[in-house]
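Peer 1: Got a structure for you, questions after.
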Amino acid sequence: INEYYTLSNGVKLPKIGFGTWQIKDGDEAYESVMMALKNGYRHIDTAEGYQNEASVGKAIRDSGIPRHEIFVTSKLESHIKSYEGAIEAFNKTMQALEFDYLDLFLIHAPWPWSEIGKECHEGNVAAYKAMEKLYKEGKIRAIGISNFSPVDIDNIINHCEIVPHVNQIAYYIGLDQKATIDHCNKHNIFVEAYSPLGTGRLLNHPTINEIADKYDVSAAQICIRYCLQKGTAPLPKSTHEGRIIMNTQVDFEISSEDMLILDSVKKDF
Ligand code: A2P
């Protein structure tokens with residue numbers, strides 16, 4: 001939990017982050033983030049779209065941990081595809097979090113959630129250029145994208161100045177993301193893995209449980225360790241302290257033979 005990856009611009013990213021998608025604003029988000037920080041997490045992932053930035057920011061500020069010791073990510077709402085809109089949304093995020101800088105800001109998706117798959121190449125470039133400006137002003141330490149395919153990534157690389165530092169994608173055992181991960185590696189774009197437990201749906205999988213028994217760990221720990229051994233940063237979410245702690249206890253090594261078995265798992269959801 002105290003180990004880091006280094007992004008292409010030299011910024012250090014704690015290997016395991018705490019995901020806050022689907023954690024309700026108010027006490028639930030406040031207390032979960034507080035528990036995560038108390039138990040050693042120093043990387044918290046939120047988004048305007050999760051509608052919990054205010055509670056997440058308050059927990060971080062109230063934790064007593066110096067702000068610079070915590071890596072905080074937020075995201076630009078998926079329907080905002082203009083330069084001015086992105087600047088305005090960033091300012092709104094900063095007001096909600098009550099921070100004076102952000103560690104990582106991502107375009108949440110290449111298309112609005114209401115129109116998944118729609119091509120928004122010009123809009124993504126416009127929004128990203130606003131993020132480049134904020135980055136150059138020192139208001140954000142790293143910038144990137146989320147849910148971007150190789151084509152969406154190339155659009156940014158071909159029309160913008162700064163190669164994204166991060167692409168945050170859904171990644172878990174049984175979800176094939178090879179094409180996107182290879183493309184990111186080629187361009188030195190770091191891959192973060194959201195829903196590393198398959199939103200919890202992988203935890204009953206028989207093969208994963210067999211391997212978990214072999215290493216005397218839980219299925220969740222196998223899922224998280226798998227993402228780490230693939231060189232990605234997993235962002236597990238939980239609102240329960242025991243699980244929040246368990247998800248950081250992944251100091252073991254899955255053998256290459258067992259990694260291959262996990263590579264061949266087919267998700268059944
Ligand atoms: P809860 O928040 O009630 O603990 P993902 O990170 O892939 O999105 O998965 C999150 C889901 O997995 C949530 O439903 C969460 O439930 C559950 N979860 C997280 N960690 C564990 C764990 N160690 N054991 C069992 N379930 C877990």
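The values are calculated or read from the model by the stated rules, or taken from the named source; none is laboratory data. Computed from a predicted model, the values in this text were never measured in an experiment. For neighbour counting, all protein chains shown are included, and Cβ atoms are generated from backbone atoms with ideal geometry for every residue, glycine included.
Peer 1: How many of the residues making up segment 1-41 are small (Gly, Ala, Ser) and buried (at least 20 other Cβ atoms within 10 Å of the Cβ)?
Peer 2: Going through segment 1-41 one residue at a time, the tally reaches 5.
Peer 1: How many residues are assigned to a loop (DSSP other than H, G, I, E, B), at negative phi and touching an Asp or Glu at 6+ places or on another chain (Cβ under 6 Å) if we restrict to segment 43-54?
Peer 2: 2
Peer 1: Anything in segment 1-26 that is more than 13 Å from the ligand (Cβ to nearest atom) and either part of a helix (DSSP H, G or I) or hydrophobic (A, V, I, L, M, F, W, C) (or both)? List them, or say none.
Peer 2: Within segment 1-26, Ile1, Leu7, Val11, Leu13 meet the criteria.
Peer 1: Related question: Of the residues that make up segment 47-59, is at least one polar (S, T, N, Q) and away from the ligand (no atom under 16 Å from the Cβ)?
Peer 2: Yes, segment 47-59 has at least one match.
Peer 1: Sticking with this structure for a sec: Taking Gly198 and the conditions (1) farther than 23 Å from Pro150 by Cα; (2) surrounded by 15 or more Cβ atoms within 10 Å (Cβ to Cβ), which numbered condition does it fall short on, given that it satisfies the others?
Peer 2: The one condition Gly198 does not meet is (1).
Peer 1: Another one. Just one of Ala109, Ala86, Ala36, Ala29 is hydrophobic (A, V, I, L, M, F, W, C), away from the ligand (no atom under 16 Å from the Cβ) and part of a helix (DSSP H, G or I); which is it?
Peer 2: Ala86
Peer 1: Determine the pairs where a residue that is within 17 Å of Ile44 (Cα to Cα), located within segment 221-236, has a partner that is of a type in the set (S, T, N, Q) and assigned to a loop (DSSP other than H, G, I, E, B) with Cβ atoms under 6 Å apart, the partner being 6 or more residues away or on another chain.
Peer 2: Between residues of segment 221-236 that are within 17 Å of Ile44 (Cα to Cα) and residues that are of a type in the set (S, T, N, Q) and assigned to a loop (DSSP other than H, G, I, E, B), the close pairs are Ile224/Asn247; Pro236/Asn247.
Peer 1: Within the group Gln221, Gln249, which residue is within 30 Å of Tyr30 (Cα to Cα), surrounded by fewer than 19 Cβ atoms within 10 Å (Cβ to Cβ) and of a type outside the set (D, E, K, R)?
Peer 2: Gln249
Peer 1: Which of the residues belonging to segment 55-82 are assigned to a helix (DSSP H, G or I) and surrounded by fewer than 17 Cβ atoms within 10 Å (Cβ to Cβ)?
Peer 2: Arg61, Asp62, Arg67, His68, Glu69 - these are the residues of segment 55-82 that are assigned to a helix (DSSP H, G or I) and surrounded by fewer than 17 Cβ atoms within 10 Å (Cβ to Cβ).
Peer 1: Which fully enclosed helices (runs of 4 or more DSSP H) of segment 219-269 have 1 or more residues being more than 19 Å from the chain's Cα centre (by Cα) and either within 10 Å of the ligand (Cβ to nearest atom) or under 15 Å from Phe18 (Cα atoms) (or both)?
Peer 2: 219-229, 241-246
Peer 1: Let me ask another. Mind listing whichever residues of segment 201-218 are away from the ligand (no atom under 15 Å from the Cβ) and hydroxyl-bearing (Ser, Thr, Tyr)?
Peer 2: Once the filter is applied, which keeps residues that are away from the ligand (no atom under 15 Å from the Cβ) and hydroxyl-bearing (Ser, Thr, Tyr), segment 201-218 yields only Thr207.
Peer 1: In addition: Given the criteria of a type in the set (Asp, Glu) and over 17 Å from the mean Cα position of the chain (by Cα), does Glu122 qualify?
Peer 2: Against the criterion (of a type in the set (Asp, Glu) and over 17 Å from the mean Cα position of the chain (by Cα)), Glu122 qualifies.
Peer 1: Here's something else I'd like to know. Which of the residues belonging to segment 135-152 are surrounded by 19 or more Cβ atoms within 10 Å (Cβ to Cβ) and in contact with a helix residue (DSSP H, G or I) (Cβ under 6 Å, 6 or more places away or on another chain)?
Peer 2: Ile140, Ile143
Peer 1: Please name all residue pairs, on different chains or six or more residues apart, with Cβ atoms under 8 Å, provided the first residue is in segment 245-269 and is modelled with pLDDT of 95 or more and the second residue is of a type in the set (Ser, Thr, Tyr) and surrounded by fewer than 17 Cβ atoms within 10 Å (Cβ to Cβ).
Peer 2: Phe252/Tyr215; Ile254/Tyr215
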